[in-house]
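Each remark here refers to the structure printed beneath this line.
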Amino acid sequence: MVFLGKRSVLHVRMSSEVVISIRDMKMRYGDQLVLNGINLEVQRGQIIGYIGPNGAGKSTTIKAMLGLVTGYTGTIQIMGVDIANGDVEYKRKIGYVPETAEIYETLTAAEYLTFVGGLYGINEERASRKAQSLMTVLGLEDVYNSRIASYSKGMRQKVLLISSLLHNPDILFLDEPLSGLDANSVIIVKDLLAQLAAAGKTIFYSSHIMEVVEKISNRIILLNHGEIVADGNFEQLKNISHEKSLEGIFGQITGFLDHQEIAQECLSIILGSVT
Amino acid sequence: MKDFISLRILDRFRTVFEAVGCDYPIMRKILQAKLTMDSRRVPTILSRNARRAPDRNGFLTSLWVYLFMGVILIPFVVMGRNYLFQMSVVFGILMFLVMTSMISDFSTVLLDIRDRIIIATKPVTGRTLGFARAIHVVIYLTLLTTVLAGPSLLAAFIAQGFWFGLTFALSLVWMDLLIMTVTTLLYLGILNFFDGERMKDFINYVQIGLSIAMVIGYQVIGRVFDVVKLRVVLRPAWWQAVIPPMWFGALFAELFGRQSSNLTMILLVLALFVPLALFFAYVRFMPAFETRLEKLSATTTHSPTTKHGWRRNLARLACRRRDERTMFEFASIMMGREREFKLKVYPSLGFAIAFPFILIFNPAWSQGLHSLGSSHWYLAIYMSSVMIPTVLMTLRYSGQYKAAWIYQVSPIEHLEDVFKGTVKAFVYQLFLPVYFIEGLVFTVLFGIRVIPDLTVALLSMLVYAVIAFRFLRKGLPFSEPFQLAQPSERIVGLILLALVGVMAGLQFLVTLMSGAIYWYMIFLVLANMIAWRIGFRVKGINAVRLGA
């Protein structure tokens with residue numbers, strides 16, 4: 001099932017097991033309402049493309065699920081447990097790649113990954129072995145013992161991905177996980193995500209690159225002004241909006257249609273016709 | 001990662017941490033990662049020939065400077081039996097140095113929001129993370145305190161006996177506890193009321209304010225005691241209860257001196273219980289502190305319109321070349337906005353205002369204000385130049401140093417313009433305003449006759465700015481990351497400080513000859529013209545920093 005428009009709530013059922021459940025979540029920063037009643041149920045094995053314009057409330061939702069943000073109303077349950085109960089145990093089941101790509105870059109990949117593994121409670125030896133194998137498979141064996149500061153953006157991104165997977169989590173929150181990766185690595189990661197989902201992992205994927213979201217997600221959730229305004233798979237969204245691409249759907253639903261005019265205006269400013 | 005000695009010491013207290021609800025193995029891992037990172041310097045993006053620096057902690061290398069300062073404290077501990085006075089002074093100095101270091105060097109550790117994303121998203125409780133953060137700071141505080149108080153502590157054991165030494169040592173632990181908790185609780189309080197950018201600004205001003213307040217407080221402690229008649233007499237007053245160094249002074253007066261009184265008893269109780277009470281409050285509020293930190297990363301969308309008209313006009317007035325003007329405007333905005341920069345620099349502006357007055361305070365006190373009029377004490381205004389090397393040193397650094405790639409891609413013809421524009425921006429925006437305030441008050445104190453002298457002093461300091469620039473290591477403005485401390489620069493700083501003395505001495509000699517001051521003034525005008533014309537020509541750096 002699918003819907004477009006505000007405040008109607010329907011869910012796509014794929015398998016019965018609900019891993020994330022958000023009910024009537026509202027959040028305000030000062031006098032600004034960032035989230036205006038989010039209702040969401042995510043089943044095991046879904047790859048969710050979580051999209052929306054900047055400021056729509058995407059990262060606030062993700063941060064809340066990771067326990068970074070408090071002060072919302074409504075409930076968030078992960079694997080059936082209300083995360084507001086003060087117990088951080090549920091985080092053991094989550095892997096996270098932050099959009100800001102924060103990493104302790106003065107550490108080597110070896111040190112960073114065993115450290116993160118340690119925070120998840122994996123013993124050093126095991127974390128190190130796993131990390132090294134993943135680094136090798138992803139073509140980074142030579143730099144395993146170099147400081148992350150010397151890495152390229154793509155290499156860092158791979159380290160972040162590895163750090164989110166070391167503890168074999170059930171749910172992955174990935175915020176722009178492909179940023180900086182070269183074309184071949186993108187293919188690897190995309191395939192990996194599909195296989196992870198097939199293995200029963202749930203992936204919460206947030207990105208501004210619509211082509212990728214279109215291809216890898218089997219469910220797309222579009223957020224605008226703190227509300228879910230579309231929820232369904234790509235085919236369903238296409239049928240309803242009569243747009244061919246996710247980019248078009250995105251533009252139509254968020255009410256952004258005059259991109260050509262804007263580009264035209266930019267050009268004339270650059271060429272100097274406007275003083 | 002290395003197994004640090006500090007961590008092995010910490011292991012002995014494992015049960016204590018576990019008793020207060022902290023996941024010790026996880027905390028230890030976090031600390032180990034942090035200490036490893038501290039031991040490595042952040043490589044500068046711009047230095048192509050990135051030297052492979054050995055694992056070395058920048059903070060540790062600066063400790064010997066503190067050791068030297070610590071030696072100065074020895075006489076206060078051994079010289080007499082007036083413990084209330086002596087130990088208050090000792091603790092005043094210690095608290096001043098430790099607290100300023102805490103605020104300027106470790107605020108970033110306390111308020112590190114990277115931890116939120118990297119660590120708080122893992123199964124780590126807010127309490128464990130909070131403790132890791134606190135212990136991280138405590139390790140450095142302990143080192144710093146040990147080095148600073150080490151010499152006097154040793155002297156105390158020898159000269160005043162075992163029990164005195166032991167009390168001193170325990171008081172130091174208590175003092176660190178006090179400083180640590182006060183700072184954190186203060187931040188927590190601020191975090192409660194503000195969010196986003198406004199809060200960062202507010203914290204910034206609190207930090208600056210605290211640093212300046214401590215300099216003034218440090219003066220106050222000297223005034224509490226009437227030192228005039230050689231006999232140090234304490235005049236008891238209720239407000240002494242708010243000066244923490246006196247709490248510790250009172251402790252020694254009670255235990256070892258025969259100076260017991262109601263007041264010292266009250267102060268003693270404060271010394272014992274305030275840090276403890278604050279510690280419990282701290283443990284209680286720590287998880288709250290962790291979630292409040294999230295506010296720091298919140299983005300604010302509204303943007304008030306700012307006018308740069310005056311800045312542009314000032315740049316036109318000060319600079320002839322276009323690139324120089326551009327740099328002037330840019331540097332002037334950066335100096336006004338970048339918090340880390342303000343934090344490092346604004347306290348020294350406060351000192352620059354305060355030092356000259358502190359210097360003339362004693363003669364004014366003992367011989368009366370009217371006696372100043374005919375004296376040479378106006379030369380104290382040279383003390384305001386202490387800010388010049390500090391600011392020039394700091395101008396290289398920025399939190400956003402990586403953005404300095406812009407220098408590499410933009411067609412800057414003469415590097416000279418970059419430096420000259422930046423230094424001029426500093427002179428116009430920070431130095432001249434401070435000097436004029438100072439000069440105004442000095443004119444009131446010393447009479448109109450000192451105006452030529454103050455002009456000469458100003459001209460000397462402007463030449464001095466160029467000299468200081470030449471002496472200090474040159475780097476593109478805002479192009480390097482802030483580091484904990486640069487000990488080698490401090491030595492250059494000391495040499496430059498000596499130069500200020502030479503300049504003041506020169507002016508003193510000139511004033512001894514009647515009329516010579518005007519010739520000297522003309523000489524300085526010429527010197528300025530030459531210095532500012534050729535003083536910023538930089539050759540070598542071109543190849544190093546901007547070359548391919």
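The values are calculated or read from the model by the stated rules, or taken from the named source; none is laboratory data. Note that this is a predicted model, so its numbers are computed, not measured. Note: ideal-geometry Cβ built from the backbone for every residue, glycine included; neighbour counts use all protein chains shown. Each accessible area value is taken on the protein alone, full model and side chains, heavy atoms only, with ligands, DNA and RNA left out. Shrake-Rupley method; radii C 1.70, N 1.55, O 1.52, S 1.80 Å.
With respect to A:LEU35, is the statement that it is more than 10 Å from chain B (Cβ to nearest Cβ), more than 29 Å from A:ALA194 (Cβ to Cβ) and in contact (Cβ under 8 Å) with a residue 12 or more places away in the chain true?
yes
Go through the range B:161-175 and report how many residues are farther than 9 Å from B:PRO275 by Cα, part of a helix (DSSP H, G or I) and either touching a Pro at 6+ places or on another chain (Cβ under 7 Å) or open to solvent by 10 Å² or more (accessible area, probe 1.4 Å) (or both).
Qualifying residue count for the region: 8.
Just to be sure, is A:ILE228 within 22 Å of A:VAL137 (Cα to Cα) and assigned to a strand (DSSP E or B)?
Spelling it out, it is not the case that A:ILE228 is within 22 Å of A:VAL137 (Cα to Cα) and assigned to a strand (DSSP E or B).
Residues that are without any contact (Cβ under 8 Å) to a residue 60 or more places away in the chain and crowded, with 18+ Cβ neighbours inside 10 Å, at least 3 per element: which helices (runs of 4 or more DSSP H) completely within the range B:369-481 meet that?
Counting at least 3 such residues, we get B:387-394.
Given the criteria within 14 Å of another protein chain (Cβ to nearest Cβ), within 19 Å of B:PHE17 (Cβ to Cβ) and of a type outside the set (Phe, Trp, Tyr), does B:LEU141 qualify?
no
Scan the range B:483-511 and report the pairs whose first residue is assigned by TED's automatic domain parsing to the domain that holds B:GLU340 and open to solvent by 20 Å² or more (accessible area, probe 1.4 Å) and whose second residue is modelled with pLDDT of 80 or more and charged (D, E, K, R), with Cβ atoms within less than 7 Å and a gap of 6+ or a chain change.
Matching pairs, first to second residue: B:THR511/B:ASP453.
Tally up the residues in the range B:275-288 that are farther than 22 Å from A:MET65 by Cβ and open to solvent by less than 40 Å² (accessible area, probe 1.4 Å), please.
5
From A:ILE249, A:ILE209, grab the single residue that is within 24 Å of A:LEU178 (Cα to Cα) and open to solvent by 10 Å² or more (accessible area, probe 1.4 Å).
Of A:ILE249, A:ILE209, the one residue that is within 24 Å of A:LEU178 (Cα to Cα) and open to solvent by 10 Å² or more (accessible area, probe 1.4 Å) is A:ILE209.
Go through (1) surrounded by 14 or more Cβ atoms within 10 Å (Cβ to Cβ); (2) at negative phi one by one and return the number of the condition A:GLU176 breaks.
Going through the list (1) surrounded by 14 or more Cβ atoms within 10 Å (Cβ to Cβ); (2) at negative phi, A:GLU176 breaks only (2).
Have a look at B:LEU60, B:LEU10 and point out the one that is at pLDDT below 80 and more than 14 Å from every other protein chain (Cβ to nearest Cβ).
Being at pLDDT below 80 and more than 14 Å from every other protein chain (Cβ to nearest Cβ) holds for just one of B:LEU60, B:LEU10, which is B:LEU60.
Any idea which of B:MET87, B:MET79 is more than 14 Å from chain A (Cβ to nearest Cβ), farther than 30 Å from B:LEU188 by Cα and open to solvent by 10 Å² or more (accessible area, probe 1.4 Å)?
Result: B:MET79 is the single residue among B:MET87, B:MET79 that is more than 14 Å from chain A (Cβ to nearest Cβ), farther than 30 Å from B:LEU188 by Cα and open to solvent by 10 Å² or more (accessible area, probe 1.4 Å).
Only one of B:LEU251, B:LEU272 is open to solvent by less than 50 Å² (accessible area, probe 1.4 Å) and part of a helix (DSSP H, G or I). Can you tell me which?
B:LEU251
Restricting to the range A:164-220, what's the tally of residues that are touching a strand residue (DSSP E or B) at 6+ places or on another chain (Cβ under 8 Å) and among the β-branched types (Val, Ile, Thr)?
The total comes to 6.
Given the criteria touching a Leu at 6+ places or on another chain (Cβ under 8 Å) and among the small types (Gly, Ala, Ser), does A:SER206 qualify?
Yes; evaluated as a whole, the condition is true for this residue.
With respect to the numbered conditions (1) under 29 Å from B:LEU296 (Cβ atoms); (2) surrounded by 14 or more Cβ atoms within 10 Å (Cβ to Cβ); (3) away from every other protein chain (no Cβ under 13 Å), which one is the sole condition not fulfilled by A:THR75?
For A:THR75, the failing item is (2).
In the set A:THR61, A:THR73, which member is out of contact with any strand residue (DSSP E or B) (no Cβ under 6 Å at 6 or more places or on another chain) and β-branched (Val, Ile, Thr)?
A:THR61
Exactly one of (1) of a type in the set (S, T, N, Q); (2) away from chain B (no Cβ under 11 Å); (3) exposed (fewer than 14 other Cβ atoms within 10 Å of the Cβ); (4) under 24 Å from B:GLN32 (Cβ atoms) is unmet by A:ASN123. Its number?
(2)
In the range A:84-115, how many residues are part of a helix (DSSP H, G or I), crowded, with 19+ Cβ neighbours inside 10 Å and at the interface with another protein chain (Cβ under 7 Å from one of its Cβ atoms)?
3
Give me the residue from the range A:146-175 that is among the basic types (Lys, Arg) and in contact with a helix residue (DSSP H, G or I) (Cβ under 9 Å, 6 or more places away or on another chain) and, out of that set, farthest from the other protein chains (Cβ to nearest Cβ).
Ranking the qualifying residues of the range A:146-175, first place goes to A:LYS158.
Under 28 Å from A:ILE94 (Cα atoms), among the β-branched types (Val, Ile, Thr), open to solvent by 30 Å² or more (accessible area, probe 1.4 Å) and in the same structural domain as B:LEU278 (by TED's automatic domain parsing) - does that describe any residue in the range B:126-144?
No - not one qualifying residue is present in the range B:126-144.
Out of (1) closer than 28 Å to B:MET27 by Cα; (2) over 23 Å from the mean Cα position of the chain (by Cα); (3) surrounded by fewer than 16 Cβ atoms within 10 Å (Cβ to Cβ), what's the single condition that is false for A:THR136?
Against the list (1) closer than 28 Å to B:MET27 by Cα; (2) over 23 Å from the mean Cα position of the chain (by Cα); (3) surrounded by fewer than 16 Cβ atoms within 10 Å (Cβ to Cβ), A:THR136 comes up short only on (1).
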